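The values are calculated or read from the model by the stated rules, or taken from the named source; none is laboratory data. In this text, all values refer to a predicted model and were calculated from it rather than measured experimentally. Cβ sites come from the backbone with ideal geometry, for glycine too, and all protein chains shown count toward neighbours.
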Amino acid sequence: MGELTQRNLYEAFVGEAKAYHRLLAFARKADEEEFPQVAKLFRAVAAAEGVHTARHLHLLGEVVVQGTEENMRSSFDREMVANQVYYPQFIREAEGEGERAAAITFSQARDVEEGHATLYKNALNAMLRGESHDYHVCEICGYVAEHEAPDECPICNAKREKFRLVD
């Protein structure tokens, strides 16, 4: 693939991913303000943006779906790289520029990524034993709790009410 095309695919992916999340946030707000039809439209367009992101990511060679066990191992490895390589660098650079808020979100994301790696390892073992678990996501920092939500998030101290059960 040509260098410009690869860069443009990446930029398109980033833009579509941002749009996806922005539209889901808009849908939640429309639901809160009791505009269900508008919320439905935002979710529909977000789903379309999700299709675009998946297609761009596939062309970039980032999506290689294998068997579930291999996918779990690959996800574990990616979480470890994010936790040990990318986020530490992001934190140093944000601190170097005096960007405290960014350094905090990077630090929390780093800590959450480490937890994700543990969850993948636990889930792989549970899968092999035929067990199932519930997962609760902190809507402030992204921490994932296995089984039940804690009274307080160990990463950002959010209260139990800020956790959402994932179906």
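Applying the selection to the stretch 5-27, what residues are under 17 Å from the mean Cα position of the chain (by Cα) and either polar (S, T, N, Q) or exposed (fewer than 15 other Cβ atoms within 10 Å of the Cβ) (or both)?
14, 15, 18, 21, 22, 25
Give the residues of the stretch 125-141 that are of a type outside the set (S, T, N, Q) and surrounded by fewer than 17 Cβ atoms within 10 Å (Cβ to Cβ), sorted by residue number. If you could, list the steps in order and put the result at the bottom.
Within the stretch 125-141, the subset of a type outside the set (S, T, N, Q) is 126-131, 133-141.
Within the stretch 125-141, 126, 127, 128, 129, 130, 131, 133, 134, 139, 140 meet the criteria.
List the residue pairs whose Cβ atoms are under 8 Å apart, where the first residue sits in the stretch 80-97 and is over 18 Å from residue 142 (Cα atoms), the second is part of a helix (DSSP H, G or I), and the two are 6 or more positions apart or on different chains.
94/100; 94/102; 94/103; 94/106; 95/103
Please specify each residue of the stretch 71-82 satisfying the condition of being aliphatic (A, V, I, L, M) and exposed (fewer than 14 other Cβ atoms within 10 Å of the Cβ).
First, the residues of the stretch 71-82 that are aliphatic (A, V, I, L, M): 72, 80-82.
Result: 81, single match.
Under 9 Å between Cβ atoms, which residue pairs at least 6 apart in sequence (or on different chains) link something in the stretch 133-152 that is within 14 Å of residue 120 (Cα to Cα) with a partner that is surrounded by fewer than 17 Cβ atoms within 10 Å (Cβ to Cβ) and among the small types (Gly, Ala, Ser)?
Within 9 Å, the pairs are 133/126.
Hey, could you check the stretch 28-47 for residues that are under 18 Å from the mean Cα position of the chain (by Cα) and of a type in the set (A, V, I, L, M, F, W, C) and say which is surrounded by the fewest Cβ atoms within 10 Å (Cβ to Cβ)?
47
Count, please, the residues in the stretch 59-70 that happen to be surrounded by fewer than 14 Cβ atoms within 10 Å (Cβ to Cβ) and closer than 25 Å to residue 12 by Cβ. If you could, list the steps in order and put the result at the bottom.
Going through the stretch 59-70, the residues surrounded by fewer than 14 Cβ atoms within 10 Å (Cβ to Cβ) turn out to be 61-70.
Adding the requirement that they be closer than 25 Å to residue 12 by Cβ leaves 61-65.
Of the residues in the stretch 59-70, 5 are surrounded by fewer than 14 Cβ atoms within 10 Å (Cβ to Cβ) and closer than 25 Å to residue 12 by Cβ.
Taking the options 2, 50, name whichever one is at pLDDT below 95 and surrounded by 12 or more Cβ atoms within 10 Å (Cβ to Cβ). Give the steps one after another, and end with the answer.
Details: 2 fails: surrounded by 12 or more Cβ atoms within 10 Å (Cβ to Cβ).
After ruling out the rest, the residue left standing is 50.
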